[in-house]
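The values are calculated or read from the model by the stated rules, or taken from the named source; none is laboratory data. Note that this is a predicted model, so its numbers are computed, not measured. Here the Cβ positions follow ideal geometry from the backbone for every residue, glycine too, while neighbour counts run over all protein chains shown. Ligands, DNA and RNA are excluded from the accessible area calculation, which covers all protein heavy atoms including side chains. Shrake-Rupley method; radii C 1.70, N 1.55, O 1.52, S 1.80 Å.
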Amino acid sequence: MPYTSDDLVSAVRMRCQLPDQDADGKFSDADIRELATEELFTTLLATLRGARGDYYVTAYDYTIASGVSDYRIPTRAQGASLRDLTIIDTSGNGYSVPHIPLEDADIFAKTGSFYWPGGVAHVLQGNFIKLRPEPTSSGDTLRVRYYQRPGRLVGTAEAMKVTGFGPNPTQVQGDVPASWTTSNIFDVILAAPNFDTLATDESVSAVTTGIGGSVTFTNPYPTELAVGDYIALATESPVCQLPVELYPALVSAACVRVLESLGDLQAAGVAQSKLSEQLARALVQLEPRNQGEDIRIFSRRSPLRFGRRWW
């Protein structure tokens, strides 16, 4: 079963008994996708976060520089929040960076008579991670793990479905939207479950639009990329980036919004009941994510696990 945004729009029209696009001037396909995106970003993502299965977790690495304590939270982080923060030293050893209260940001700003047991800590201020104390050496890696926001739903015609590859590991072939240029940046998305984003914010050196066109990336495309996958403008996706068990719930959530907008509150109430039932049943399959193993808890801050000193 396909899970594109076009399929979702068709399912919503069928359930809500809506005519084809523009037949009544009420709901275009783009309107339905926008409502579905809103529900994806609120209802569905909240459900997945509640399952505590680390869905959407990815990592971004900063190279730590001496005298630089502030590092921006990635722009695609859900809720501008972190999952975890680790420092990887030049030998490849990893150390957890504990979160301390903002009130202690100035107390621990510089290396001196105060110290945090176990080494480096951090505070969050606005959309920045502030390392405490301020680094006095360079070269280590700050690994920021966060929940990446899925792509905003767009039609498949607004993306490029991969049909082949060029003679070098940077060129990808397909039907390229006419509006694309080398000034755009792109995401690379799997067409099959679990619809992962293989690469984000990729720049291109050449774009040939139209049927049988191509895009040539500045860097080699991911080796996992295959025919049938998608290239889309950055932060967009032609597929619903959800576990497939939640796809019917996304359809129902979009139906609720459409029926409420049409003023059919009775039908909206029925759709809401169906949505609640689907979410409950999906959670049975989504949590716990590893049913054969319990999570082992380790004390990362015990004296036996100290391993990171001040800079």
Given only helices, namely DSSP H runs of n ≥ 4 each adding -39500 (n - 2.57), what is the per-residue ellipticity at 222 nm of the chain, to the nearest 500 deg cm²/dmol?
-> -7000 deg cm²/dmol
Determine how large the accessible area of Lys274 is when every protein chain is in place; take a 1.4 Å probe and give Å² rounded to the nearest 10.
-> 90 Å²
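Relative to the present Cα-Cα distance, how much length would full extension add between Ala46 and Asp106 at 0.36 nm per residue of separation?
Stretched fully, the Ala46-Asp106 segment lengthens by 18.2 nm.
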What does the charge dipole of the range 45-158 about its Cα centre add up to, to the nearest 20 debye, if the Cβ of each Lys and Arg holds +1 and the Cβ of each Asp and Glu holds -1?
-> 420 debye
Using the charge dipole of the chain (Lys, Arg: +1 at Cβ; Asp, Glu: -1 at Cβ; taken about the Cα centre), state which of Leu283, Pro222, Thr136 has its Cα farthest towards the positive end.
-> Thr136
Spin-label model distance (nm) - Gln285 vs Arg83, 7 Å beyond Cα toward Cβ = 2.1 nm
Hey, how many Å between the Cα centroid of the range 32-106 and the Cα centroid of the range 198-244?
-> 24 Å
TM-like helix rule applied to the chain (DSSP H, alpha carbon span at least 20 Å on the long axis, mean Kyte-Doolittle at least 1.0) gives 247-262
Net charge (Lys, Arg +1; Asp, Glu -1) of residues whose beta-carbon lies under 12 Å from that of Arg52, Arg52 excluded, is +1
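Could you provide, to the nearest whole Å², the per residue accessible area of the chain with probe 1.4 Å?
Result: 52 Å² per residue.
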Over the Cα atoms of the chain, what is the Rg over Rh ratio if Rh follows Kirkwood?
-> 1.04
Net charge of neighbours whose Cβ lies under 12 Å from the Cβ of Asp70, counting Lys and Arg as +1 and Asp and Glu as -1 | +2
Suppose every K and R has +1 on its Cβ and every D and E has -1 on its Cβ; what is the size of the dipole of the range 117-267 about the Cα centre, in Debye to the nearest 20?
-> 380 debye
Please find the FRET efficiency linking Gln125 to Asp54, where r is the Cβ-Cβ separation and R0 is fixed at 25 Å, and quote it to the nearest 0.05.
-> 0.50
Under a point-charge model restricted to the Cβ atoms of Lys and Arg (+1) and Asp and Glu (-1), what is the dipole moment magnitude of the chain relative to its Cα centre, in debye to the nearest 20?
-> 1260 debye
Determine ³J(HN,Hα), in whole Hz, for all residues of the range 168-181 in sequence, where each value follows from phi through the Karplus function 6.51 cos²θ - 1.76 cosθ + 1.60 and θ = phi - 60°; x replaces Gly and Pro.
-> 10, x, 10, 9, 10, 10, x, 7, 9, x, 5, 7, 6, 9
Just subtract the alpha-carbon distance of Glu260 and Ile185 from 0.36 nm times their residue separation and send over the number in nm, one decimal.
-> 23.4 nm
Can you find, among Trp180, Gly155, Leu190, the residue farthest towards the positive end of the dipole of the range 143-193? Put +1 on the C-beta of Lys and Arg, -1 on that of Asp and Glu.
-> Leu190
So who's got an amide H within less than 5 Å of the one on Thr111, skipping anything under 5 residues away but keeping other chains? H placed 1.01 Å off N, in plane.
-> Glu134
Positive minus negative residues near Thr181 (Lys, Arg vs Asp, Glu; Cβ under 15 Å) | -2
Dipole of the chain [Lys/Arg +1, Asp/Glu -1 at C-beta], most positive-end residue of Pro19, Ser66, Ala253 | Ser66
Once phi is turned into θ = phi - 60°, what whole-Hz ³J(HN,Hα) does the Karplus curve with 6.51, -1.76 and 1.60 give for every residue of the range 201-216, x standing for Gly and Pro?
-> 6, 7, 8, 10, 9, 8, 9, 10, 7, x, 5, x, x, 7, 10, 10
Hey, any idea what % of the chain's accessible area is carbon plus sulfur with a 1.4 Å probe?
-> 49 percent
Residue with peak Gaussian network fluctuation, the chain [Cα springs, cutoff 10 Å], from Asn93, Asn127, Asn184 = Asn93
Taking the radius of gyration and the Kirkwood hydrodynamic radius from Cα positions alone, what is the Rg/Rh ratio for the range 106-209, to two decimal places?
-> 1.18
So what are the ³J(HN,Hα) numbers for the range 87-96, from phi and the Karplus equation (6.51, -1.76, 1.60; θ = phi - 60°), rounded to whole Hz, Gly and Pro as x?
-> 10, 10, 7, 5, 8, x, 7, x, 9, 5
Orientation-averaged projected area, Cα convex hull of the range 164-255 (nm²) | 6.3 nm²
